[in-house]
Amino acid sequence: SITGGAGEDGACRCPVCMRRFQDYYGYEMPRLMTDDVKQFRWREALFILEDTSRKIKEIKPGTEITCCVHATLNTYYVCEYRGYDNWDMVAASPYFDVFSTTIIAWELPQAFFENITQRTVEVAKKYGKQSERWLMGYYKQPADFAQIDRVVDLYAAAGVDRLGTWTYRGGYGTVLAAPDALKLWDRIGENYKRVLGEVR
């Protein structure tokens, strides 16, 4: 991971989290990543996101809230234990309006893009949410920029409601910049214009 990877602890070990784990499971939270620790992390993270979203909607009811999860195929991120393998857990929440899945690295197989996109749209529809897929606009870029066109076509054909790209201008001028950051950004922008109206 360019963010430094996973730490040694399986979850936050502050006094509050330690006490919550103890209260729920009846024993002290282990430092190792166990099934109980994974479930605890998922449940607590979802509680924080839902509680925050609920409060935002109380203050400003029309606010549209997106929850984005890692684009996983079960154990794809197992070495870092990131994200939710159970997307339904997130998409079922009444406090989120858009179900989104994260960026996929350009070098991954087309079948991976297809699978993640199909599942994202299906899960979003199942729970009456809008669907959102992302384009990688930083760090790495496709060997052939025509791949951007093909992926955007895939998203549009699959019925994705919204597109997102991270980061602004391909990360130009930052340590996260793609090799041809501005060219990448322009190509993504051309695709946005091309499908405007099909996806948001």
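The values are calculated or read from the model by the stated rules, or taken from the named source; none is laboratory data. Only a predicted model underlies this, so the values are computations on that prediction, with no experimental measurement involved. All Cβ positions, glycine included, derive from the backbone under ideal geometry; neighbour counts span all protein chains shown.
When residues in the range 178-197 are screened for being assigned to a loop (DSSP other than H, G, I, E, B) and either surrounded by 14 or more Cβ atoms within 10 Å (Cβ to Cβ) or modelled with pLDDT under 95 (or both), 3 of them pass. Listed by first and then second residue, the pairs linking a residue in the range 171-187 that is within 17 Å of ALA143 (Cβ to Cβ) to a residue that is charged (D, E, K, R) and part of a loop (DSSP other than H, G, I, E, B), with Cβ atoms under 9 Å apart and 6 or more places separating them unless they lie on different chains, are ALA178/LYS140; PRO179/LYS140. Would you check if THR174 is touching a Leu at 6+ places or on another chain (Cβ under 8 Å) and surrounded by fewer than 21 Cβ atoms within 10 Å (Cβ to Cβ)? Judged against the criteria, THR174 is not a match.
Out of LEU135, LEU154, one residue alone is among the aliphatic types (A, V, I, L, M), outside any helix (DSSP H, G or I) and either within 21 Å of the chain's Cα centre (by Cα) or not assigned by TED's automatic domain parsing to the domain that holds ALA71 (or both). It is LEU135.
Is it the case that some residue within the range 157-164 is closer than 24 Å to PHE96 by Cα, outside any loop (DSSP other than H, G, I, E, B) and among the basic types (Lys, Arg)? Yes: one or more hits. Within the range 14-55, restricting attention to residues that are outside any helix (DSSP H, G or I) and surrounded by 12 or more Cβ atoms within 10 Å (Cβ to Cβ), which residue is nearest to the chain's Cα centre (by Cα)? Looking at the filtered set, the residue picked out is MET33.
When ILE116 is tested against (1) in contact with a helix residue (DSSP H, G or I) (Cβ under 7 Å, 6 or more places away or on another chain); (2) part of a helix (DSSP H, G or I); (3) among the hydrophobic types (A, V, I, L, M, F, W, C); (4) under 26 Å from SER53 (Cα atoms), just one condition goes unmet, and that condition is (1). With at pLDDT below 95, surrounded by 11 or more Cβ atoms within 10 Å (Cβ to Cβ), of a type outside the set (Val, Ile, Thr) and closer than 23 Å to GLY164 by Cα as the only criterion, which of ALA71, ALA6 stands out? Every option except ALA71 fails the conditions.
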